[in-house]
1. Any residue at all in the range 62-83 that is over 19 Å from the mean Cα position of the chain (by Cα), exposed (fewer than 10 other Cβ atoms within 10 Å of the Cβ), on the phi < 0 side of the Ramachandran plot and not in a helix (DSSP H, G or I)?
2. How many residues does the range 1-50 hold that are under 23 Å from A81 (Cα atoms) and either among the β-branched types (V, I, T) or part of a loop (DSSP other than H, G, I, E, B) (or both)?
3. Got a number for residues in the range 84-96 being aliphatic (A, V, I, L, M) and in a helix (DSSP H, G or I)?
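Nothing in this text is a laboratory measurement; each read-out follows from the coordinates by a stated rule. Keep in mind that what you see is a predicted model, and the values were worked out from it rather than measured. Cβ sites come from the backbone with ideal geometry, for glycine too, and all protein chains shown count toward neighbours.
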Amino acid sequence: MSDYREKIVLTYRHLLEMHEELQTRIINVGMTGEYSEVNTVFKPGDTYQFDLEQFRGTEDLNLNKLLNFFDELENLMNSLANINGITEEELEDEDL
């Protein structure tokens, strides 16, 4: 693998980490802001799989900005993966 391709794959890995962290932050902002009343029904230890679609259509400008950024990040990641043909094997390769 060329140095250039290695840097592209490493950058994509970093974007994946950012993607996951941003998703968590969006949920946290939503659940402590506009959806705080929903948050009160959860007890410590409860688990729930959130879908970011649940947070769309809100009046919360901050939440909307974060969701827009999330969408832009996903578009960027999809473009990089498509342009460069990044494979799952490359993303899982621990030698990079």
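1. Looking through the range 62-83, none of the residues is over 19 Å from the mean Cα position of the chain (by Cα), exposed (fewer than 10 other Cβ atoms within 10 Å of the Cβ), on the phi < 0 side of the Ramachandran plot and not in a helix (DSSP H, G or I).
2. So the first thing to find is which residues in the range 1-50 are under 23 Å from A81 (Cα atoms), and the list is 1-24.
Filter once more, so that each one left must be either among the β-branched types (V, I, T) or part of a loop (DSSP other than H, G, I, E, B) (or both): 1-2, 8-9, 11, 24.
So the answer is 6.
3. Going through the range 84-96 one residue at a time, the tally reaches 1.
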